[in-house]
Ligand code: NI
């Protein structure tokens, strides 16, 4: 590895609080392997996986609260749990944990984020940890 690159890497891992390069490298490799399982062209469409979804929406707009709850019931095999927080009189934040075959989880998560009226949506493409 070029010296300049290694120096930058050492500064990065110190800033992130790693004890040594090995720890940091292990995390980078694991992250790359998890990311790879989510690549659409990968042969892992049926792989058991986990995703965490965060959405913020106005529950009074277009009956959105009801629609989003209805959509989650439609994916009852994938939705493991959800946490609902009333942020103010209108806005809600939900954290939804999904598990199941990769493409089913992806479809459920992306469908919820794409629901009209959702103001913020972020999907964390995670893993069951198996094999890492
Ligand atoms: Ni609410």
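The calculated FRET efficiency for the pair residue 93 and residue 29, based on their C-beta separation and a Förster distance of 35 Å, comes to about 0.60.
Convex hull of alpha carbon positions in the chain: directionally averaged projected area 10.7 nm².
State whether the stretch 24-84 is rounded, prolate or oblate according to the following rule on the C-alpha gyration tensor (a ≥ b ≥ c being the square roots of its eigenvalues): a/c under 1.5 gives rounded; otherwise a/b larger than b/c gives prolate, and the remaining case gives oblate. Verdict is prolate for the stretch 24-84. Size check on the stretch 72-132: the Cα extents along the three principal axes, sorted descending, read 44, 20, 19 Å. For the stretch 1-38 versus the stretch 83-127, the spacing of their alpha-carbon centroids is 29 Å.
Would you mind getting me the FRET efficiency between residue 132 and residue 70? Use the beta-carbon distance for r and R0 = 30 Å, nearest 0.05. The computed FRET efficiency comes out at 0.30. Across the chain, the mean sequence separation of Cα contacts (distance under 8 Å, 6 or more residues apart), normalised by length, yields a relative contact order of 32 percent. From helices alone, the chain scores -13000 deg cm²/dmol at 222 nm; the rule is -39500 (n - 2.57) for each run of n ≥ 4 DSSP H residues, then divide by the residue total.
Between residue 14 and residue 124, what is the FRET efficiency for a Förster distance of 22 Å, r being their Cβ-Cβ separation, to the nearest 0.05? My answer for the efficiency is 0.30.
Values in this text are rule-based calculations from the coordinates and carry no lab data. Everything quoted here is computed from the prediction, not taken from an experiment. Every residue, glycine among them, receives a Cβ derived from its backbone with ideal geometry; neighbour counts consider all protein chains shown.
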